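Participant: Structure provided below as structure tokens; questions to follow.
Every read-out reported here was derived from the displayed coordinates using simple, explicitly stated rules and does not represent laboratory data. Source: prediction; values computed, not measured. FYI the Cβ positions are ideal-geometry reconstructions off the backbone, even for glycines, and counts take in every protein chain you see.
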Amino acid sequence: MKYFILLTSLFLSAALPAQNSFTTENTLQSAKTTGSNTVRSLKIEATSMEDLENIDWDDVISVFDGNKEEDEIQLITILNFKKDDKAKYDGNIQFSVKGKTKDLDKLVKRAKNQQRKIKRMYNKLNTK
């Protein structure tokens with residue numbers, strides 16, 4: 001009997017993630033057919049500190065204009081850098097913030113704070 005329960009639980013644990021994936025695909029397909037556009041994530045990649053500092057945050061906010069207030073969103077900020085006359089190392093620094101669309105102003109404020117942290121980390125790593 002205990003083997004039956006063990007096998008049943010193994011089967012269910014393998015089947016449940018597949019069901020979850022199927023539901024997500026149906027939801028995405030449904031969103032496409034109804035014409036709703038929901039932006040769930042925005043990744044901002046920069047290859048220099050100058051690019052990172054010149055992000056237009058008003059444009060970032062406008063990307064999420066079509067979202068509902070309760071939609072979960074994520075902002076990802078990445079600085080990719082290569083070894084050159086300004087940098088001692090190759091690498092990247094990445095931060096992300098998550099929340100609801102209704103809290104977008106707070107998320108942008110946190111992302112700007114993370115942008116300052118990225119700058120400090122970059123300067124600390126690459127001071128020659």
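Participant: Which whole-number percent gives the relative contact order of the stretch 37-125, counting Cα pairs below 8 Å spaced six or more residues apart?
Facilitator: Details: 128 pairs, mean separation 26.6, N = 89.
Value for the stretch 37-125: 30 percent.
Participant: Only four residue types carry charge here, +1 at the Cβ of Lys and Arg and -1 at the Cβ of Asp and Glu. Report the dipole size of the stretch 37-125 about the Cα centre in Debye, rounded to the nearest 20. Don't jump to the answer; show the numbers that get you there.
Facilitator: Details: 19 positive and 17 negative charges, 132 e Å.
Its charge dipole is roughly 640 debye.
Participant: Which of the aspartates and glutamates could a cross-linker bridge to K102, judged by Cα under 16 Å and excluding same-chain residues fewer than eight apart?
Facilitator: Cross-link targets: D58, D65, E69, E70, D71, E72.
Participant: Related question: State, to one decimal in nm, how far the label point of W57 lies from the label point of K112, with both points 7 Å from Cα in the Cβ direction.
Facilitator: For W57 paired with K112, the spin-label model returns 0.2 nm.
Participant: Now, a different point. Quick one: which of 105-114, 48-57 comes out on top by average Cβ neighbours within 10 Å, and what's the full order, highest first? Write down the numbers at each step before the final one.
Facilitator: Details: 105-114: 15.4, 48-57: 13.5.
Highest mean packing first, the order is 105-114, 48-57.
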